[in-house]
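Enquirer: Questions regarding the structure given below will be posed in turn.
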Amino acid sequence: MNLLDPQGPVAAANSTILVDSVFIMLVIVVPTIFAILAFAFWFRASNPKARYQPEFVYSGRVEMVVWSIPALTVILLGGVAWIGSHQLDPAAPVPGTGSPVRIHAVSLDWKWLFIYPDQRIATVNTLTVPAGAELNFQLTSSSVMNTFFIPQLGSMIYTMNGMVTKLNLRADNEGKLQGMSAHFSGDGFPDMMFDVNVISPLAFPEWVAATAKTDAVLNADSYKRLMQQGIEKGRPVYRLDDPQLFDLISTLHIPPGPGPELASEAGRSHSGGHDAR
Amino acid sequence: MAMTATADHVHADPHHIGRVIEHPGPAPKRIVTAYGFWIFLLSDIVMFSCFFAAYAVLSGQTAGGPRGSEIFEQRNVAIETVCLLLSSFTCGMASIAADVRNRFWFYLGMAVTCVLGLIFLAIEFREFADLVARGYGPSRSAFLTAFFSLVGCHGLHVSAGILWLLTMMAQVFAKGFRADILRRMMCFALFWHALDIIWVAVFSVVYLLGSAP
Amino acid sequence: MLGKLDWSAIPFDQPIPLVAGAVVLVAILCVLAWVVVKGHLPYLWREWITSVDHKRIGVMYILLASVMLLRGGSDAVMMRIQQAVAYQSQGYLPPEHYNQIFSAHGTIMIFFVAMPFVIGLMNLIVPLQLGVRDVAFPTLNSVGFWLTATGALLVNVSLVVGEFARTGWLAFPPLSELSYSPGVGVDYYAWSLQISGVGTLVAGINLVTTVLKLRTRGMNYLRMPMFCWTTLASNLLIVAAFPILTATLAMLLLDRYLGFHFFTNEAGGNVMMFMNLIWAWGHPEVYILVLPAFGIFSEVVSTFSGKALFGYRSMVLATMAICVISFMVWLHHFFTMGAGPDVNAIFGIASMIIAVPTGVKIYNWLFTMYGGRIRFATPMLWSVGFMVTFIIGGLTGVLVAVPPADFMLHNSMFLVAHFHNVIIGGVLFGAFAGFEYWFPKAFGFRLDERWGKAAFWFTFLGFYVTFMPLYIVGMLGMTRRMQHYDVAAWRPWMIIAAFGMAVLTIGVICQIMQLVVSIRDREALRDRTGDPWDGRSLEWATWSPPPVFNFAFNPDVRGEDAYWEMKAHARQQSFAHEEREYEDIEMPRNSPTGFVCAFFATIMGFALIWHIWWMVILGGIGAFATFVVFAWRDHDEYVIPAEEVARIDRVNIEERRSLVSMAGSV
Amino acid sequence: MSDETHLTAHHDLAPGEEEQHSVGERILGYVVGLGLALLLTATSFFIAGTDLVWQPSIPVALIVLAIAQMGVHLVFFLHITTGPDNTNNVLALAFGLLIVFLVVGGTVWIMSHLNANMPPMDQIMRMQ
């Protein structure tokens, strides 16, 4: 999960910008901290060698420098921010080898549903993608807000009910990564971690074929059962019945997920989170 | 003498260039009170601006419910507006009367202001009740939510203003034109005029712009 | 009859809050019993509860903040322990309890610790620094304080009656909407903030008016001490930003209570608008807290360096620049929501621009120290500690203002570390510096230096040990608000952070010990001069604790660093002084309005939370009646006769002259 | 002290307060204000309902008229002027207006971007 160990171009660019920015600022910050400590130490009252200059309260030259240093740093970083925001816009394409894989991600209470509309399959809490291909995510939420985040692939983005956010990523190396929800969403929130399996482009069609053989079918009905509050410990997979399912969810044709039931009238709500224990 | 004073002053303010205008000291109570209330009014306007912003964002979200042009009645809005404008005028007359300590004109001005405010509220209440009766209550759509909140918030302010107005009249009746009561009267007048300004924004943005087909 | 309230509201199944609540309740009852038995109640009522004296109200604000710091701090300890033990297990706190704790921690620390602490210090000091007798609206000042206390009370009541929000400290919808948070937690949150928000707004209006309209003769804008400038900026922000919070929470409450659709999933509501509005308040809020701290550091650094503040005009400019720019950056709290690159970049750059005036401030403090004669009393230690710590917080702050970096760091533990870095390193260090610096002014004796320094070092080191691991664990991908986790790499850092929390706790204990020891040794620590630190601004011109009227004569200000000038002047003129004609002083009478009003506000808030409608109406009528009664009274001032003023003042002058002659002979 | 260096300023007027005027002049002020306000209101209502002006320009006209009327209220009812004794009042007003502008403008701008980037339901329905 190390942010400084990127496994894709987006994360690589993000973390490079992160590290660069830190170094740009350290150039200013380290001497300043040093100066604070040095001045504080040297001008201590008990130091007879330090010259007391009570009239040194204004210096145009110092003022000039003092305003310029942070201003220049910020101009430099502002440039980085401007270019970075445009190049690394979550919706900007990330060219890759082979045909892009479309994935519709839905955050449920409290699990992740990944729909592969072109492959007609869906998975819960596990995301399997081919290495090197462009991954086109469209994301929404069945109920409350969440944030889709795979630290080693970069850029996170919110998922919201009735709205569709877009994110393009690419995983370069085969292996196992982890993703999570990065926005608190209720009692089962910490269990919204999901596995990311990056497999070779050749193995991907095989995996799709194997997955499609499953008996479980995802349609509006089974989706409604899935979106009940609760934690999914297993990794169920589905055959996708209706490729329009994501649109039905994001356009609220399927109503938002139900919240917890109020166990007592007395304002203390009890929710499915109990199952977690 | 002038020389020493200048030297003295330069010594005192190393950052000053040129002449210094001395601050005269704490302002009289009348100014302090009114200024504090002025600041409060500005903060109140900022609060209204949030409801305006919400209205701007949500005005298109009718969720299959009615649009503004289908439910707004311009005639009512025009009457409401005239009521508020006239009440602002009579409120101004009442504050002049208070300044010259004329009880009769004060009571008359305040009473007319109160009546005009009540007419405004009655029309607004009838409009709301009518909409709710037709099933277009605030829960119908985000647009109606924003509409009811914005206009209702102004209506609540007018109601609070009328409560204040009556309290004000009772105070003058019981205590006469005391300095602190005159200060409060000044604040009340500011409040009432400010509500008028907000209403200008409401009828322009909500009713007139929203009536466009 | 009692709305939603019944016995099941009390969490008999959760021992921790119940025991904690019981302990606190017993403690409060013991204190109350002691007060009543000892016969202190009339004194408390007369001199404190009904007091409209800005100094007393300031002290009560700080007391409230300190008590709530312990509450919020114990939440923090519980969270750190939970995250240290909850590796591949549920830890000792179930999610519904843990989620309440972090929500309460954030709410309490911002609204009921940081806010009252800085407002208290401003209340206490600003009128003294401006050379005036009181704030602009003394009775409203008391109302403001008591409403803040009401909010704090309601948050704590939620511990044992019902529940607190489990949504995080900003209660984002739709999680905070009725369908996903059907309990009363969010209502407790929203109503306590609405009520205390009114109090804060009142305090803001009061202080803005005080600074702009009540300065003493000759106190021109560009002669005001830096703390007054930052107070002005901070309170302008309060006046401009808190209405946004009020409106936003009102919308959320309308959704919850009346089925409106501002932020719901259904019927066209828009959750993104909540994020937008709440952060339009939330970002200025950060500067509301930190600007007064900047002012405190300016005073402290200048006093203990024995120099006027370097680049005073630059500082004023920087303060006002921060005040305005802080309103133009709020989108950086939701870069990852999917706004376009132009919007993200513009707000990112605007956020960085705030770093310029802030950086200028750091350099100005640096050059204030340059050529100074620095005395390392406790307030100065806090200030130097702040400068070092805050730079690091600033660095990470600018870092998360770069949108691509934020795409990785948003909502992570790195972010948690960042804002604790600036809020502890900036606001809390500032509050402690101000507390140590102005304590002798408020109470007439100094605080024990040894315990104070111990408190500083433990807090300073504890801070680093707690929060540097959070930076690292954030870089390892950990996000905030996790009740448990399965990632092995995070664990060691969480254990170190929990250890750091222990060190921080020792720091807090030292702080308490300092207070206890100082009160015990108060005779030895007595300050008879009124000017224990060789101060530069007018609060040191009167004696400690200041009399109710602050100054026998409103001082005549002739330049920057008003009191320093007076002292220099007094030496030059070899203490020649003319006997002045004393005059009667009119002061505002004490009034129970604030307390009674808050009493009704508490009833109303509690009734609203539990849907007890008759009680809501009762509370509302009570609050209105309170104000009418207040407006009806005939005498709102009393007179302190000239002889009394003269008697008190002559004693002071003797003390002062001996001080100046001693200083002159050195 | 010498007058040359230490000029003493006068206090500002309270907001809503007028410079010394006779009662007649003050009443006249309110009458003029009321007249102008009614005139502007009538114009607003007229423009909103008429076919005589180019339709797309109506919103602009309405906003300009609203601003004008708020100005009339400020000057004739709230007695805000540009005089030196009103500086503080005007500065406070300017600060308030800046915040209002930032909050409303910022919200509308940000929300339109967000909505455009995340087509919410009705837009998708239209596309389908």
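Enquirer: State whether the residues of region C:331-339 include one that is surrounded by 24 or more Cβ atoms within 10 Å (Cβ to Cβ), more than 10 Å from chain A (Cβ to nearest Cβ), in a helix (DSSP H, G or I) and among the β-branched types (Val, Ile, Thr).
Expert: Within region C:331-339 (the criterion being surrounded by 24 or more Cβ atoms within 10 Å (Cβ to Cβ), more than 10 Å from chain A (Cβ to nearest Cβ), in a helix (DSSP H, G or I) and among the β-branched types (Val, Ile, Thr)), the answer is no, since none of the residues qualifies.
Enquirer: Which residues, taken from region D:17-37, are more than 24 Å from residue B:37 (Cβ to Cβ) and buried (at least 17 other Cβ atoms within 10 Å of the Cβ)?
Expert: Across region D:17-37, the qualifying residue is only D:36.
Enquirer: Tell me which residues, restricted to region A:174-185, are surrounded by fewer than 24 Cβ atoms within 10 Å (Cβ to Cβ) and either in a strand (DSSP E or B) or at pLDDT below 90 (or both).
Expert: Correct list: A:175, A:176, A:177, A:178.
Enquirer: Condition (residue is assigned to a helix (DSSP H, G or I), within 11 Å of chain C (Cβ to nearest Cβ) and touching a residue at least 24 places away in the same chain (Cβ under 8 Å)) applied to region B:185-208: is it met by at least one residue?
Expert: Looking through region B:185-208, none of the residues is assigned to a helix (DSSP H, G or I), within 11 Å of chain C (Cβ to nearest Cβ) and touching a residue at least 24 places away in the same chain (Cβ under 8 Å).
Enquirer: For residue C:209, only one of the following conditions fails: (1) surrounded by fewer than 24 Cβ atoms within 10 Å (Cβ to Cβ); (2) touching a helix residue (DSSP H, G or I) at 6+ places or on another chain (Cβ under 8 Å); (3) closer than 26 Å to residue C:55 by Cα. What is its number?
Expert: (1)
Enquirer: Is it the case that some residue within region C:383-390 is without any contact (Cβ under 8 Å) to a residue 12 or more places away in the chain, more than 23 Å from residue A:49 (Cβ to Cβ), aliphatic (A, V, I, L, M) and surrounded by 23 or more Cβ atoms within 10 Å (Cβ to Cβ)? Write out each step before concluding.
Expert: Applying the first criterion (without any contact (Cβ under 8 Å) to a residue 12 or more places away in the chain) to region C:383-390 yields C:384, C:388.
With more than 23 Å from residue A:49 (Cβ to Cβ) added as a condition, the list becomes C:388.
Cutting the leftovers down to aliphatic (A, V, I, L, M) gives us C:388.
Okay, now just the ones that are also surrounded by 23 or more Cβ atoms within 10 Å (Cβ to Cβ), so none.
No, region C:383-390 has no match at all.
Enquirer: Within the group C:346, C:374, C:353, which residue is at the interface with chain A (Cβ under 10 Å from one of its Cβ atoms), surrounded by fewer than 23 Cβ atoms within 10 Å (Cβ to Cβ) and more than 30 Å from residue A:160 (Cα to Cα)?
Expert: Checking each option against the conditions leaves just C:353.
Enquirer: Something else now. Which of (1) in a helix (DSSP H, G or I); (2) at the interface with chain C (Cβ under 7 Å from one of its Cβ atoms); (3) closer than 16 Å to residue C:399 by Cα does residue A:24 not meet, given it meets every other one?
Expert: Unmet condition: (2).
Enquirer: Right, next: Of everything in region C:243-257, what is more than 7 Å from chain B (Cβ to nearest Cβ) and over 23 Å from the mean Cα position of the chain (by Cα)? Give them in sequence order. Working first, answer last.
Expert: In the first step, residues of region C:243-257 are kept if they are more than 7 Å from chain B (Cβ to nearest Cβ); the result is C:245, C:249-250, C:252-253, C:255-257.
Correct list: C:250, C:252, C:253, C:255, C:256, C:257.
Enquirer: Then there is this: Determine if region B:7-16 includes at least one residue that is at pLDDT below 90, closer than 30 Å to residue B:169 by Cβ and within 10 Å of chain C (Cβ to nearest Cβ).
Expert: no
Enquirer: On the given criteria, is residue C:39 in contact (Cβ under 8 Å) with a residue 24 or more places away in the chain and at positive phi?
Expert: no
Enquirer: Next up: Is one or more of the residues making up region A:32-44 over 11 Å from residue C:369 (Cα atoms) and β-branched (Val, Ile, Thr)?
Expert: yes
Enquirer: Mind checking whether some residue in region C:220-235 is within 8 Å of another protein chain (Cβ to nearest Cβ) and within 24 Å of residue A:184 (Cα to Cα)?
Expert: No, every residue in region C:220-235 fails to be within 8 Å of another protein chain (Cβ to nearest Cβ) and within 24 Å of residue A:184 (Cα to Cα).
Enquirer: Okay, next question. Scan region A:126-139 and give yes if some residue there is more than 18 Å from residue A:174 (Cβ to Cβ), assigned to a loop (DSSP other than H, G, I, E, B) and within 17 Å of the chain's Cα centre (by Cα), otherwise no.
Expert: So in region A:126-139, the residues more than 18 Å from residue A:174 (Cβ to Cβ) come out as A:136-139.
If we keep only those that are assigned to a loop (DSSP other than H, G, I, E, B) too, we end up with none.
No.
Enquirer: Quick one: count up the residues across region C:398-422 that are of a type in the set (Gly, Ala, Ser) and more than 10 Å from chain A (Cβ to nearest Cβ).
Expert: Qualifying residue count for the region: 1.
Enquirer: Here's a follow-up. Would you point out the residue of region D:49-77, among those that are farther than 25 Å from residue B:193 by Cα and aliphatic (A, V, I, L, M), that is farthest from the other protein chains (Cβ to nearest Cβ)?
Expert: D:52
Enquirer: Name the one entry in C:17, C:11 that is part of a helix (DSSP H, G or I) and closer than 26 Å to residue C:608 by Cβ. Give the derivation first.
Expert: Working: C:11 fails: part of a helix (DSSP H, G or I).
None of the other options fit; the residue is C:17.
Enquirer: Still on this structure, I have one more. For the condition among the β-branched types (Val, Ile, Thr) and closer than 20 Å to residue A:248 by Cβ, what is the one hit in A:208, A:217? Step through it out loud before you land on a result.
Expert: Working: A:208 fails: closer than 20 Å to residue A:248 by Cβ.
Answer to the selection: A:217.
Residue-by-condition table, conditions (1) more than 14 Å from chain C (Cβ to nearest Cβ); (2) closer than 18 Å to residue D:31 by Cβ; (3) not small (Gly, Ala, Ser):
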| site | (1), (2), (3) |
| --- | --- |
| B:93 | yes, yes, yes |
| B:98 | yes, no, no |
| B:104 | yes, no, yes |
| B:119 | yes, no, yes |
| B:148 | no, no, yes |
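Enquirer: May I pose another question? Please work out which one of (1) exposed (fewer than 12 other Cβ atoms within 10 Å of the Cβ); (2) modelled with pLDDT of 80 or more; (3) within 26 Å of residue B:185 (Cβ to Cβ) is the condition residue D:89 fails and give its number.
Expert: It is condition (1) that residue D:89 fails.
Enquirer: Moving to a separate point now. Restricting to region A:148-174, name every residue that is in contact with a strand residue (DSSP E or B) (Cβ under 7 Å, 6 or more places away or on another chain) and facing chain C (nearest Cβ under 8 Å).
Expert: A:149, A:152, A:154, A:155, A:156, A:157, A:158, A:160, A:161, A:163, A:165, A:166, listed by residue number.
Enquirer: The conditions are (1) out of contact with any strand residue (DSSP E or B) (no Cβ under 9 Å at 6 or more places or on another chain); (2) of a type outside the set (Lys, Arg); (3) crowded, with 24+ Cβ neighbours inside 10 Å; (4) touching a residue at least 24 places away in the same chain (Cβ under 8 Å), and residue C:407 fails exactly one of them. Which is it?
Expert: Against the list (1) out of contact with any strand residue (DSSP E or B) (no Cβ under 9 Å at 6 or more places or on another chain); (2) of a type outside the set (Lys, Arg); (3) crowded, with 24+ Cβ neighbours inside 10 Å; (4) touching a residue at least 24 places away in the same chain (Cβ under 8 Å), residue C:407 comes up short only on (1).
Enquirer: Return yes when residue A:19 is of a type in the set (Val, Ile, Thr) and exposed (fewer than 13 other Cβ atoms within 10 Å of the Cβ) and no when it is not.
Expert: So residue A:19 does not fit the description; no.
Enquirer: Let me ask something additional. Identify the single condition in (1) more than 14 Å from the chain's Cα centre (by Cα); (2) within 22 Å of residue C:98 (Cβ to Cβ) that residue A:183 does not satisfy, given that it satisfies every other one.
Expert: Checking residue A:183 against (1) more than 14 Å from the chain's Cα centre (by Cα); (2) within 22 Å of residue C:98 (Cβ to Cβ), the one that fails is (1).
Enquirer: Within region B:128-148, work out how many residues are surrounded by fewer than 22 Cβ atoms within 10 Å (Cβ to Cβ) and of a type in the set (Gly, Ala, Ser).
Expert: Total satisfying the criteria: 5.
Enquirer: So, one more: Out of all the residues in region A:96-113, is one or more at positive phi and among the small types (Gly, Ala, Ser)?
Expert: Looking for residues that are at positive phi and among the small types (Gly, Ala, Ser), one finds at least one in region A:96-113, hence yes.
Enquirer: Determine whether residue B:43 is at the interface with chain C (Cβ under 8 Å from one of its Cβ atoms) and either of a type in the set (S, T, N, Q) or crowded, with 24+ Cβ neighbours inside 10 Å (or both). Give the derivation first.
Expert: Numbers: at the interface with chain C (Cβ under 8 Å from one of its Cβ atoms): yes; either of a type in the set (S, T, N, Q) or crowded, with 24+ Cβ neighbours inside 10 Å (or both): yes.
Yes; evaluated as a whole, the condition is true for this residue.
The values are calculated or read from the model by the stated rules, or taken from the named source; none is laboratory data. Fair warning: this is a prediction, and the values are worked out from it, not measured in the lab. Virtual Cβ from ideal backbone geometry, glycine too; neighbours counted across all protein chains shown.
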